[in-house]
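Below you'll find the structure, written out as C-alpha cells, and then a few comments.
The values are calculated or read from the model by the stated rules, or taken from the named source; none is laboratory data. What you are looking at is a predicted structure, and each value in this text was computed from that prediction instead of being measured. We place every Cβ from the backbone using ideal geometry, glycine too, and count neighbours over all the protein chains shown. We work out accessible area using only protein heavy atoms, side chains counted, and drop any ligands, DNA or RNA first. Shrake-Rupley method; radii C 1.70, N 1.55, O 1.52, S 1.80 Å.
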Amino acid sequence: MLKSSKLNLLIALLIGIILALIFSNNSTQAQQTSNAPWITGRVHDKQNQAVVGATVALIAPNKTEPLAETTTQPDGRYALVLPDTIIYGDADKVSVGHIVLPLQDFLPNGLSIHIERSHFKSTNLSLSEDIIKSLRSGSTLIIPDFTLQRHINPAFWIATLIFVVVLVFIATGIFHNTLSALIGVSLLFLASYLGHPLYEGLFIFDFPAALNYIDWNVIFLIMGMMIIIAVIENTGIFQWLAFFAYRVSGGRMFVLLPILMLITGVASAFLDNVTTMLLMTPITVQIAIAVGINPLALLIPEVMASNVIGVSTLVGTPTNILIGSYGGISFNDFMQNLTPGVLLAFVGLVIYSSLVYRKDLAKAHGTSELLMEKLAERGRITEPGHLKKAGWVGAGMLIMFVFGEKIHLLPAVTALIGATALMVWIKPNIDEMIEAVDWTTLVFFMSLFMVVGAIQEVGLISYIADSIGKLVGDNLMLAMLVVTWVSAILSMLIANIPFTAAMLPVVGYLTATIPGAENQALFFCLSVGAAMGGNGSLIGASANMVTAGISEAAGYPISYSYFMKKGLPALFITVALSSLWLLLRFL
C-alpha cells in the first residue's frame, strides 16, 4: 500500500513537472514572439520548383552579423523573426558607448534580404523605406515570391560527367548495375568532401542532403513485395500455370503463345516482371525444346508482354513504382487510365509476335505425352495452404491499394502490412524471408537516387526541363507525344530505371506549367514510354537481361542485335497504340 502511494505521488510529480515545462516553454515563446515583426516569403527556381535549404538573412548596413537568419523549408517558404532589440554602435568590438535599443524604436534604413544557396547565384533584395517603417510598427511583411537563378560551376560538370559514366557502366555491363551506381555515389562524395576544401565550386552535396533524394516509399514498397513474392514462388503456382497453358492449348503453338504471353503479362502486373521471367523462362525453355522449336520464339514474346502489361499497375514495373511515388499516383489511377491502352497494345503485340515467329511455331511436333507427364509432375502445387493464405492476403492488399488513397495510405505501407501479415500467418523461416529480399537491388535503387539527385542538385535537370518546356510550349498534345516517344527511344539506349528517375522532375515541371496537364497525363506518358520502350533493346529493361542470362545458360543465347531486330518493331507498334489511347483519354 505504501509503495503504491509513493508510486502515485511520483507519477503525479512527473506529470506536474512536464506540464510546467510545457507551459513555461509556450509562455517563453509567446513572450519572445509577441511583439517581434516577421518577414516571410517563398523562394523557387526558374521552373517554379521550391528551393530547399537556401539561407535567408536580414542584413543591416555596416553590420557583419545579420539581424535575423533562417533557411527555406521543403515548400520553399521562410520566416524571418526579427529580434526584440538591436545593438546600436560597433557591436563587433567591446567598446564604451554602444547601446542596446528596442528594435521597433530604432531600425536603420538600407536593410536588405540576402538569399544564397549552393548551385544558385546569390542575390540581395533591398527593402524600401516604407517597408522598413512597416517593420518598425511591428507589422508582418510578406515578400513576393523570389526566383533564384542557377549558377553553372565545376560541380555542375562533375556531377553530369559522373551521371553519364554510371549510365555507360550500366549499358555496357562493365560493372554490375549496383556497383556502377555505388561508384557514382563514391565519386560524388569524393568531389564534395575532398575537393571542396581546395575549391568551393567543387562541392555538389553532403551526405545528409544526398539521403534526402532517396525515395523511401519506393524502397519499402519493393522490399515488402519481395517478401510476398518469395512466399508465392515456393508454392509451385507458376509451374502449375505452365502446365495449365499447355493442356488448354493442346500443344497448338499458335494458341499456346498468346496464353503464355497473357499469363506472363498478368503475373508481371501484380508481381515484379524480373521475378516473373525468372520463374517462366526455365519452364518455357523446357516446353519449346520438347516440341522441337527454338525457345526464343516463346521467350521474346513473353518478355515483351511482361514489359507491356506490367504498365497497367503501380507495382507492375519498377518504373511505375518510381512514377507513382513521385507523382502521387495511386494503384487505382494506373489501372483506370492505362489498362485500356495496355490491352490495345497487347493485342497488337500478340498479332505481331504470331506473324514474326510463324515459321518457328509451325515446326512444333504437337502434343507430347512425355512433356505432359513432365509438366504434370512439375506442375503440382507444393504448398496449397501457403498459396491459399497468400491469395487472401493478396486480395486484401489489392483492396488497400485501390481504396487506400482515400485515407492517404501509402503503397509502401500496404506492402509492409501485407508482407508482415503473411509471415505471421504462415510462420516461415524469418532468416529465409529476409534473405529472399534482393538487397542488391535495393542498394542499387538507393545509390541511383543519389546519383540522379546530384544532377538535380546542380541544375542539369532544370536545364533539360527548361529546354523541353520551350519546345512544347503550352501544347499538351505535343508535350504528351514528346514525353512518350522520347522516353521510349531513350529507354532503348539507357536502362529505363535510371532514365525514369532522371525524367521525373522534368515531367513534374511540365505538369505544373502546361495548361491541362494537372490530370497527370504526362506521368502516364512517361510510364508507357519508359516501360514499353524497354522492348527496343536488350538493355532496355532488367527483365530482358534476366531472360537472356537464363536462355544463354540453357544453350540459346540472345544477342543484342537479335533482340533489337525483333523488339524494335514491337516498340513502335505498342507505343503507337498506347499513345493513341492516351490522347483519346486525356484530350
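Sort out which residues of region 265-278 are assigned to a helix (DSSP H, G or I) and modelled with pLDDT under 75, and write them in order of number. Outline the logic, then answer.
Here is the first cut: in region 265-278, the ones assigned to a helix (DSSP H, G or I) are 265-270, 273-278.
Scanning region 265-278 gives VAL274, THR275, LEU278.
Filter region 523-549 for residues that are touching a helix residue (DSSP H, G or I) at 6+ places or on another chain (Cβ under 7 Å), assigned to a helix (DSSP H, G or I) and farther than 23 Å from LEU478 by Cα and give the result.
Scanning region 523-549 gives ASN535, SER542, ALA543, ASN544, VAL546, THR547.
Restricting to region 290-341, name every residue that is among the β-branched types (Val, Ile, Thr) and in a loop (DSSP other than H, G, I, E, B). Outline the logic, then answer.
The initial filter retains those residues of region 290-341 that are among the β-branched types (Val, Ile, Thr), namely 291, 293, 300, 303, 308-309, 311, 313, 315, 317, 319, 321, 323, 329, 339.
Selection gives ILE293, THR313, VAL315, THR317, ILE329.
Have a look at GLY404, GLY396, GLY391 and point out the one that is within 23 Å of the chain's Cα centre (by Cα), in a helix (DSSP H, G or I), of a type outside the set (A, V, I, L, M, F, W, C) and more than 22 Å from ILE170 (Cβ to Cβ). Give the steps one after another, and end with the answer.
Numbers: GLY396 fails: within 23 Å of the chain's Cα centre (by Cα); GLY391 fails: within 23 Å of the chain's Cα centre (by Cα).
The match here is GLY404.
Name the single residue that is nearest to PHE449 (Cα to Cα) among those in region 494-508 being touching a Gly at 6+ places or on another chain (Cβ under 8 Å) and among the aliphatic types (A, V, I, L, M).
Taking region 494-508 first, the residues touching a Gly at 6+ places or on another chain (Cβ under 8 Å) are 495-496, 504, 507-508.
Then keep just the ones that are among the aliphatic types (A, V, I, L, M); that gives 495, 504, 507.
Values: ALA495: 14, LEU504: 11, VAL507: 16 Å.
Within region 494-508, the match that is nearest to PHE449 (Cα to Cα) is LEU504.
Does region 105-159 hold any residues that are of a type in the set (Val, Ile, Thr) and in a helix (DSSP H, G or I), and which are they? Steps first, please.
Taking region 105-159 as the starting set, the residues that turn out to be of a type in the set (Val, Ile, Thr) are 113, 115, 123, 131-132, 140, 142-143, 147, 152, 158.
Hits for region 105-159 are ILE131, ILE132, ILE158.
Regarding ILE468, is this residue more than 21 Å from THR172 (Cα to Cα), over 20 Å from the mean Cα position of the chain (by Cα) and either open to solvent by less than 20 Å² (accessible area, probe 1.4 Å) or of a type in the set (Val, Ile, Thr) (or both)? Step through it out loud before you land on a result.
On the way: more than 21 Å from THR172 (Cα to Cα): yes; over 20 Å from the mean Cα position of the chain (by Cα): yes; either open to solvent by less than 20 Å² (accessible area, probe 1.4 Å) or of a type in the set (Val, Ile, Thr) (or both): yes.
Yes.
Name every residue in region 239-268 that is of a type in the set (Phe, Trp, Tyr) and either touching a Lys or Arg at 6+ places or on another chain (Cβ under 7 Å) or open to solvent by 10 Å² or more (accessible area, probe 1.4 Å) (or both), in order of residue number. Talk me through it step by step, then tell me what you get.
Going through region 239-268, the residues of a type in the set (Phe, Trp, Tyr) turn out to be 240, 243-244, 246, 254.
Within region 239-268, TRP240, PHE243, PHE244, PHE254 meet the criteria.
Could you say whether any residue in region 219-228 is open to solvent by 60 Å² or more (accessible area, probe 1.4 Å), in a loop (DSSP other than H, G, I, E, B), out of contact with any Phe, Trp or Tyr (no Cβ under 9 Å at 6 or more places or on another chain) and modelled with pLDDT of 85 or more?
So far as region 219-228 goes, no, none of its residues is open to solvent by 60 Å² or more (accessible area, probe 1.4 Å), in a loop (DSSP other than H, G, I, E, B), out of contact with any Phe, Trp or Tyr (no Cβ under 9 Å at 6 or more places or on another chain) and modelled with pLDDT of 85 or more.
Of the conditions (1) open to solvent by 10 Å² or more (accessible area, probe 1.4 Å); (2) farther than 28 Å from HIS119 by Cβ; (3) under 19 Å from the mean Cα position of the chain (by Cα), ASN475 clears all except one; give me its number.
(3)
Of all the residues that make up region 378-410, how many are among the aromatic types (Phe, Trp, Tyr), open to solvent by 40 Å² or more (accessible area, probe 1.4 Å) and under 15 Å from ASP333 (Cα atoms)? Lay out the reasoning, then the answer.
Applying the first criterion (among the aromatic types (Phe, Trp, Tyr)) to region 378-410 yields 392, 401, 403.
With open to solvent by 40 Å² or more (accessible area, probe 1.4 Å) added as a condition, the list becomes 392, 403.
Next, from what is left, pick out any that are under 15 Å from ASP333 (Cα atoms): 403.
Within region 378-410, residues that are among the aromatic types (Phe, Trp, Tyr), open to solvent by 40 Å² or more (accessible area, probe 1.4 Å) and under 15 Å from ASP333 (Cα atoms) number 1.
Going by what's in this entry, would ILE183 be described as hydrophobic (A, V, I, L, M, F, W, C), open to solvent by 30 Å² or more (accessible area, probe 1.4 Å) and more than 22 Å from the chain's Cα centre (by Cα)?
On the way: hydrophobic (A, V, I, L, M, F, W, C): yes; open to solvent by 30 Å² or more (accessible area, probe 1.4 Å): yes; more than 22 Å from the chain's Cα centre (by Cα): no.
Here the answer is no, as ILE183 does not meet what is asked.
Among the candidates PHE189, PHE175, which residue alone is crowded, with 16+ Cβ neighbours inside 10 Å and either in a helix (DSSP H, G or I) or free of Cβ contacts under 8 Å to residues at least 24 places away in the same chain (or both)?
On the way: PHE175 fails: crowded, with 16+ Cβ neighbours inside 10 Å.
Of the residues listed, the single one that is crowded, with 16+ Cβ neighbours inside 10 Å and either in a helix (DSSP H, G or I) or free of Cβ contacts under 8 Å to residues at least 24 places away in the same chain (or both) is PHE189.
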